[in-house]
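Participant: Provided herewith is a single structure, encoded as structure tokens, for subsequent inquiry.
The values are calculated or read from the model by the stated rules, or taken from the named source; none is laboratory data. None of these values were measured; they are calculated from a predicted model. Virtual Cβ from ideal backbone geometry, glycine too; neighbours counted across all protein chains shown.
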Amino acid sequence: MQLTVLGGGGAWPTPERGCSGYLIDQSGFRLLLDPGFATVPQLLKNGPARSVDAVFVSHGHADHCADLNPLLRARHLSEDPAPALPVFAPAGAAAAVLSLDGQMLVEDYVLHEFTAGDRFTVGPFQLVTRALSHFVPNVGVRLVVGDVDLAYTGDGGADPEVAELAAGAALLLAEATYVDHVPEDSCGQLACARQAGEHAAAAQVGQLVLTHLWPDTDPDSAVEAARQAFTGPISVAVPGLVIDLP
């Protein structure tokens, strides 16, 4: 299993980094997690739009799904149009972005809505989903291929159940908007890197990747905060980061 980071920023893109977007490749099957703002340009550096085999959306905030629209446009308007793209999303989460072009793209995707807690198969991946707290309904997911597991929080990194979702996983891709303190108005809805490290340690994961950093969050400070609790490998999700899982 290979993880390629397309973007790892929270809220809005910067000149250096798009928002959430992660390409997971297993034996040539490419699953796109959360096509957030400004991730499609990075995606197209890794292959044409038609090379994406399926999309998973964790929740309906635009920094996690807005670039589903340009992805579908690129597939639709290509000289060699791609087959309909399977899109997996919690009920209603993708409705706004899928409606942007009216009826133009309706034949370019097949929407599979699911409920948090559902388990299903996408290509070679077994997906285990779990509701994780956020300002809107948000779903964390565990991707399983054989003995390799990758867990992703969406924007639910503050939820204590992250440790259960990620238990024993090879990699935890964890929302860590802040460094070591979450503002009162976001407590329980967004996480800091220190919390991500605590969840990674409790889950005994192989490695931790911090993502959804606020645009002004210092990456080195985030790593140091996570290291207070987790002694394994820690990295920050930046465009172009590639991690191969055995």
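Participant: Can you name every residue in segment 207-222 that is surrounded by fewer than 19 Cβ atoms within 10 Å (Cβ to Cβ) and either part of a helix (DSSP H, G or I) or free of Cβ contacts under 8 Å to residues at least 60 places away in the same chain (or both)?
Facilitator: Across segment 207-222, the qualifying residues are Gln207, Asp216, Asp218, Pro219, Asp220, Ser221.
Participant: Return the residues of segment 113-131 that are of a type in the set (Ser, Thr, Tyr), in contact (Cβ under 8 Å) with a residue 12 or more places away in the chain and part of a strand (DSSP E or B); say none if nothing qualifies.
Facilitator: Residue satisfying the conditions is Thr129 alone.
Participant: Would you mind stating whether Ala166 is over 25 Å from Glu16 (Cα atoms), of a type outside the set (Val, Ile, Thr), crowded, with 17+ Cβ neighbours inside 10 Å and at pLDDT 95 or above?
Facilitator: For Ala166, the condition - over 25 Å from Glu16 (Cα atoms), of a type outside the set (Val, Ile, Thr), crowded, with 17+ Cβ neighbours inside 10 Å and at pLDDT 95 or above - is met.
Participant: From Val97, Val40, grab the single residue that is crowded, with 19+ Cβ neighbours inside 10 Å, touching a strand residue (DSSP E or B) at 6+ places or on another chain (Cβ under 9 Å) and not hydroxyl-bearing (Ser, Thr, Tyr).
Facilitator: Testing whether each residue is crowded, with 19+ Cβ neighbours inside 10 Å, touching a strand residue (DSSP E or B) at 6+ places or on another chain (Cβ under 9 Å) and not hydroxyl-bearing (Ser, Thr, Tyr) leaves just Val40.
Participant: Exactly one of (1) touching a strand residue (DSSP E or B) at 6+ places or on another chain (Cβ under 9 Å); (2) over 18 Å from Pro70 (Cα atoms) is unmet by Gly28. Its number?
Facilitator: With (1) touching a strand residue (DSSP E or B) at 6+ places or on another chain (Cβ under 9 Å); (2) over 18 Å from Pro70 (Cα atoms) applied to Gly28, the lone miss is (1).
Participant: Can you find a residue in segment 132-148 that is assigned to a loop (DSSP other than H, G, I, E, B), of a type in the set (Ser, Thr, Tyr) and crowded, with 16+ Cβ neighbours inside 10 Å?
Facilitator: Within segment 132-148, one or more residues are assigned to a loop (DSSP other than H, G, I, E, B), of a type in the set (Ser, Thr, Tyr) and crowded, with 16+ Cβ neighbours inside 10 Å.
Participant: Within segment 50-63, identify whether any single residue is more than 20 Å from Val122 (Cβ to Cβ) and surrounded by 17 or more Cβ atoms within 10 Å (Cβ to Cβ), and answer yes or no.
Facilitator: Yes, the conditions are met somewhere in segment 50-63.
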